[in-house]
Amino acid sequence: MIDEKLNESLNNHVNRELYSSYLYISMSAYFASIDLNGLAQWMKIQAQEEMSHAEKFFDFINGRGGRVILQSIAAPENQWESPLKVFEDTLAHEIEVTKGINELVDVALKTKDHATHNFLQWFVAEQVEEEATANTILQKLRLIKDDTTGLFMLDAELGKRKFTTPTP
Ligand code: FEO
């Protein structure tokens, strides 16, 4: 059985992952609206990945005899001034998610819940990758600046992304 406070913190995190999915699908819609279809595809896959993160938490809470209580998901932004701004927001968002994961680890340690601590380690590693990926694309966009050819090349490269279920 899982500690009530820990269960509540995990439920809050399910909401954070679902919001992440909602935010990234909104970014995908923005990219589609300016005909950057590769970036739109990349963000759509990112949204799917976030949904799979939420599902991991969902299954874990249920598997531990906890109770998943879903909360309302806030409306995400729907307009950005540039692709660069989108990836600034993406990196800032991932840094917030990392903080959330770290807080969960703190609660797991405080309640001496080693199973949850162990479960969370996958997310600790995943967040390193999430921040690094967002930062890499952000740096490329900074280099590209107003170079349309560079932007189209990046769009073509990122449009190749395919969804693969994250392995535990
Ligand atoms: Fe599920 Fe991008 O963090």
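Key figures
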| quantity | calculated |
| --- | --- |
| Meets criteria (hydroxyl-bearing (Ser, Thr, Tyr) and within 18 Å of the chain's Cα centre (by Cα)) for residue 90 | yes |
| Residue check, residue 150 surrounded by 13 or more Cβ atoms within 10 Å (Cβ to Cβ), out of contact with any Phe, Trp or Tyr (no Cβ under 9 Å at 6 or more places or on another chain) and of a type in the set (Gly, Ala, Ser) | yes |
| Any hit, region 66-79, residues being open to solvent by 50 Å² or more (accessible area, probe 1.4 Å), within 16 Å of the ligand (Cβ to nearest atom), closer than 20 Å to residue 166 by Cα and modelled with pLDDT of 95 or more | no |
| Residue match in region 57-79 (condition: within 22 Å of residue 145 (Cα to Cα), of a type outside the set (Phe, Trp, Tyr) and within 15 Å of the chain's Cα centre (by Cα)) | no |
| Unique residue being free of Cβ contacts under 8 Å to residues at least 24 places away in the same chain, in a helix (DSSP H, G or I), more than 16 Å from the ligand (Cβ to nearest atom) and hydrophobic (A, V, I, L, M, F, W, C) when the list is 143, 120 | 143 |
| Selected residue (only one of 18, 39 is in a helix (DSSP H, G or I) and either within 12 Å of the ligand (Cβ to nearest atom) or charged (D, E, K, R) (or both)) | 18 |
| Residue satisfying condition, being away from the ligand (no atom under 15 Å from the Cβ), crowded, with 18+ Cβ neighbours inside 10 Å and free of Cβ contacts under 8 Å to residues at least 60 places away in the same chain, within set 34, 61, 25 | 61 |
| Residues that are outside any helix (DSSP H, G or I) and under 25 Å from residue 124 (Cα atoms), drawn from region 146-168 | 161, 162, 163, 164, 165, 166, 167, 168 |
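Every residue, every condition in (1) surrounded by fewer than 15 Cβ atoms within 10 Å (Cβ to Cβ); (2) free of Cβ contacts under 8 Å to residues at least 60 places away in the same chain; (3) out of contact with any helix residue (DSSP H, G or I) (no Cβ under 7 Å at 6 or more places or on another chain), yes or no:
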position: 111; (1), (2), (3): no, no, no
position: 125; (1), (2), (3): yes, yes, yes
position: 129; (1), (2), (3): yes, yes, yes
position: 138; (1), (2), (3): no, yes, no
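The values are calculated or read from the model by the stated rules, or taken from the named source; none is laboratory data. Not measured: the values here are computed from a predicted model. Reconstructed Cβ throughout: ideal geometry from the backbone, glycine too, with neighbour counts over all protein chains shown. Note: areas computed on protein heavy atoms with side chains; ligands, DNA, RNA excluded. Shrake-Rupley method; radii C 1.70, N 1.55, O 1.52, S 1.80 Å.
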